[in-house]
Amino acid sequence: MRLALFQPDIPQNVGAALRLAACLDVDLEVIEPCGFPLSDKAVRRAALDYGRLARWTRRASFKDFLAAPERAEGRLILFTTRGAEPLHSVAFQAGDTLIFGRESSGAPEEVHAAAQARVYIPLHPDARSLNLTVSAAIGLSEALRQTGGFPKPRTP
């Protein structure tokens, strides 16, 4: 299971996603360009003490992301407010990459076209959207639950 952020706008969301990926033992891919300077120093600061656990990769473009060998391992599942299927009806697979669009504008058509599935998280009718990392945590939790992919607890 992998988590991907398409051109994120908010550095704090990348930091929270790094922490999420580290804690749930999944790889994170950040697809550039970002809406802020993505320096190694900024990432270390945002990841806090979880940086040593985080496995993450920068992709220079969506084209580079699609060409990465990891894409052969499973499907590309796009989380979007324009999704076709509610989260609870999707059957996730261990090799899937869950991708989330920009906070300001979502995912462009090229990302929608590349996805093998588009998913939405059902919300109250008057609610517009969730925070990016909250959405990633909800989606990733369901995917890991279905696939048995949660980290095993440390035995005392």
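The values are calculated or read from the model by the stated rules, or taken from the named source; none is laboratory data. Bear in mind that the values here come from a model prediction, so they are computed numbers and not experimental data. As a convention, Cβ positions derive from the backbone with ideal geometry for all residues, glycine included, and neighbour counts pool all protein chains shown. Remember, those area values only see protein heavy atoms, side chains included, never the ligands or the DNA or RNA. Shrake-Rupley method; radii C 1.70, N 1.55, O 1.52, S 1.80 Å.
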- For the chain, what relative contact order do you get, as a whole percent, if you take Cα pairs closer than 8 Å and at least 6 residues apart? 28
- Message: Using amide H atoms built in the peptide plane, which far-off residues or other-chain residues are under 5 Å from GLY95 H to H?
- Response: none
- Message: Could you work out the pair-distance distribution P(r) of segment 1-100 from its alpha-carbon pairs, with 10 angstrom bin width and percents rounded to whole numbers?
- Response: 15, 47, 33, 5
- Ellipsoid semi-axes in whole angstrom, largest first, where each is sqrt(5λ) of the Cα gyration tensor of segment 38-156: 23, 20, 17
- GLN116/ILE138 FRET efficiency (R0 25 Å; Cβ-Cβ; nearest 0.05): 0.80
- Once fully extended, how much extra length lies between ARG55 and GLN12, figured as 0.36 nm per residue of separation less the alpha-carbon to alpha-carbon distance? 13.8 nm
- Query: Along segment 75-83, what does the Karplus equation 6.51 cos²θ - 1.76 cosθ + 1.60 (θ = phi - 60°) give for ³J(HN,Hα), rounded to whole Hz, x for Gly and Pro?
  - Reply: 8, 9, 10, 8, 8, 7, 6, 9, x
- Note on the structure: Long-range amide H partners of ALA117, meaning residues 5 or more apart or on another chain whose placed amide H is closer than 5 Å, are LEU76, LEU78
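If you count, for each residue, the other Cβ atoms within 10 Å and average over each peptide, how do 13-24, 77-88 line up from highest to lowest?
Result, highest mean first: 13-24, 77-88.
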- Cα centre as origin, Lys/Arg/Asp/Glu Cβ charges: segment 27-147 dipole, Debye: 260
- For the chain, which whole percent of the accessible surface, found with a 1.4 angstrom probe, sits on carbon and sulfur atoms? 53
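Rounded if a/c is under 1.5, else prolate if a/b beats b/c, else oblate: with a ≥ b ≥ c from the C-alpha gyration tensor eigenvalues square-rooted, which is segment 65-124?
Judged from the Cα gyration tensor, segment 65-124 comes out oblate (a/c at least 1.5, b/c at or above a/b).
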- In Å², rounded to a whole number, the accessible area per residue of the chain with probe 1.4 Å is 54
- Place +1 on the Cβ of every Lys and Arg and -1 on the Cβ of every Asp and Glu in the chain, take the dipole about the Cα centre, and give the residue among ALA67, ILE10, PRO86 whose Cα lies farthest towards its positive end. ILE10
